[in-house]
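Here the structure is laid out as structure tokens; the discussion comes afterwards.
The values are calculated or read from the model by the stated rules, or taken from the named source; none is laboratory data. The structure presented is a predicted model; accordingly, all values stated were derived computationally and were not measured. Please note: Cβ atoms are built from the backbone with ideal geometry, for glycine as well, and neighbour counts cover all protein chains shown.
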């Protein structure tokens, strides 16, 4: 019988009923239903209130990177990630960058951009000037829809206008700049642009097509930099090779993407732990890497006049410590408590610092023992567990696979079977 995914009122059903329907659809057995229906450290009621059509939970490892010293202050950094060796690599690189104040990191104003796109306006360049002429009136109107944040010192700060060409003809693009303080800002921005759009339409005689924030957070840039003795990374030769790897990323976009992926390993792991909008962060970061028209690395490594290895990173980061999932998810609250941060600015600075450290760790591994060494050790453990090993046997089987150079599920299973027969592993 053909399956039918048209299920009217599915969202109205209790979680258990939704799970039962999906289980029947997919032929899930009792064990699979039990696993899927286990919400772990996220209460079912909260999960069901966060998104639609919830049927279960999925837990990722929550780890803590150690050794971080950022702006003269020590941090334990929560990271949520499934990729082997990332947390160990971040901790190792943080140790290499602990001298003095450690990694320096500075976030700029916490400003976001709300966009209103106007189409069908006659004399668009003239109308753009009319919008700027009415700037104060527009800002005053916008403040009515962000009174709470205005009282705290934030809110609408400026108006920018561009006319962009398109297949539809000229589009007047209005940017309203809003200081969102410690929020990520999406809800505040969207409320403002939706409510002031009619005012813009009246000024221009056009129609507002899109009214939403931009995730290209170019007014929320964070810069991080660090300096370390080459001996900390394995010597002068390793340091020079790290610089060469950085130069290759600058020259080759195919390499630059992977270079930046290593940075985002750290940034997104912290974002997940603290329940940030990691999709927005990724989109903004990669757009920023392409701002010259060619995709470039977000970080650069060099040797300074004293022979020290120095690295710098520049990235847009739209994060929050109030509102959204950050204050709803119980684990995110704990993550922020572990970090000890109170402001979005400090959180952004930590995330950029972790991204720079993660980048150093990846480059160092690439130019020395190779990226796979750390990966494969943890991969071997995962394979041993998958094969059915438990307790101390996991490490024994993993070590044997590494020693023999045969890191596969099949070999893990063979070693486990040998152990069960009483043979030495």
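General remarks:
- With respect to the stated conditions, residue 43 fails to be in contact (Cβ under 8 Å) with a residue 60 or more places away in the chain, over 23 Å from residue 317 (Cβ atoms) and within 18 Å of the chain's Cα centre (by Cα).
- Within segment 230-258, tally of residues that are touching a residue at least 12 places away in the same chain (Cβ under 8 Å) and farther than 15 Å from residue 298 by Cβ: 12
Conditions tested, residue by residue: (1) modelled with pLDDT of 95 or more; (2) crowded, with 16+ Cβ neighbours inside 10 Å.
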{"position": "298", "(1), (2)": "yes, yes"}
{"position": "321", "(1), (2)": "yes, yes"}
{"position": "325", "(1), (2)": "no, yes"}
{"position": "334", "(1), (2)": "yes, no"}
{"position": "340", "(1), (2)": "yes, no"}
{"position": "362", "(1), (2)": "yes, yes"}
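- When the test is whether a residue is farther than 30 Å from residue 72 by Cβ, within 27 Å of the chain's Cα centre (by Cα), in contact (Cβ under 8 Å) with a residue 40 or more places away in the chain and assigned to a helix (DSSP H, G or I), residue 189 passes it.
- Looking across 207, 201, one residue alone is touching a residue at least 40 places away in the same chain (Cβ under 8 Å) and out of contact with any helix residue (DSSP H, G or I) (no Cβ under 7 Å at 6 or more places or on another chain). It is 201.
- Test: residue 120 is free of Cβ contacts under 8 Å to residues at least 40 places away in the same chain, surrounded by 14 or more Cβ atoms within 10 Å (Cβ to Cβ), touching a strand residue (DSSP E or B) at 6+ places or on another chain (Cβ under 9 Å) and on the phi > 0 side of the Ramachandran plot: no
- Residues in segment 170-186 that are under 17 Å from residue 141 (Cα atoms) and part of a helix (DSSP H, G or I): none.
- Residue match in segment 139-153 (condition: part of a strand (DSSP E or B) and surrounded by 12 or more Cβ atoms within 10 Å (Cβ to Cβ)): no
- Scan of segment 67-87 for residues that are in contact with a strand residue (DSSP E or B) (Cβ under 9 Å, 6 or more places away or on another chain) and touching a residue at least 40 places away in the same chain (Cβ under 8 Å), ordered by number: 68, 70, 71, 75, 76, 77, 78, 79, 80, 81, 86, 87
- Evaluation of residue 55 against the conditions (1) modelled with pLDDT of 95 or more; (2) within 19 Å of the chain's Cα centre (by Cα); (3) part of a loop (DSSP other than H, G, I, E, B) shows that the sole unmet condition is (2).
- Residues of segment 204-217 that turn out to be surrounded by 16 or more Cβ atoms within 10 Å (Cβ to Cβ) and either at pLDDT below 95 or within 25 Å of residue 317 (Cα to Cα) (or both), as a count: 6
- Here residue 156 meets the list (1) surrounded by 16 or more Cβ atoms within 10 Å (Cβ to Cβ); (2) assigned to a strand (DSSP E or B); (3) in the same structural domain as residue 323 (by TED's automatic domain parsing) almost entirely, failing just condition (3).
- Within segment 220-246, the set of residues being surrounded by fewer than 20 Cβ atoms within 10 Å (Cβ to Cβ) and part of a loop (DSSP other than H, G, I, E, B) comprises 229, 234, 235.
- Of the residues examined, residue 295 is one that is part of a loop (DSSP other than H, G, I, E, B) and either in contact with a strand residue (DSSP E or B) (Cβ under 8 Å, 6 or more places away or on another chain) or touching a residue at least 24 places away in the same chain (Cβ under 8 Å) (or both).
- From 280, 287, residue being part of a helix (DSSP H, G or I), more than 28 Å from residue 66 (Cα to Cα) and within 19 Å of the chain's Cα centre (by Cα): 287
- The residue pairs whose first member lies in segment 88-108 and is assigned to a helix (DSSP H, G or I), whose second member is surrounded by fewer than 20 Cβ atoms within 10 Å (Cβ to Cβ), and whose beta carbons are closer than 7 Å, counting only pairs six or more residues apart or on different chains, are 88/374; 89/374; 91/66; 91/67; 94/67; 95/67; 96/232.
- Of all the criteria given as (1) farther than 30 Å from residue 227 by Cα; (2) assigned by TED's automatic domain parsing to the domain that holds residue 284, the one not satisfied by residue 48 is (2).
- If you go through segment 408-425 and keep only what is within 25 Å of residue 60 (Cβ to Cβ) and surrounded by fewer than 19 Cβ atoms within 10 Å (Cβ to Cβ), you end up with 408, 409.
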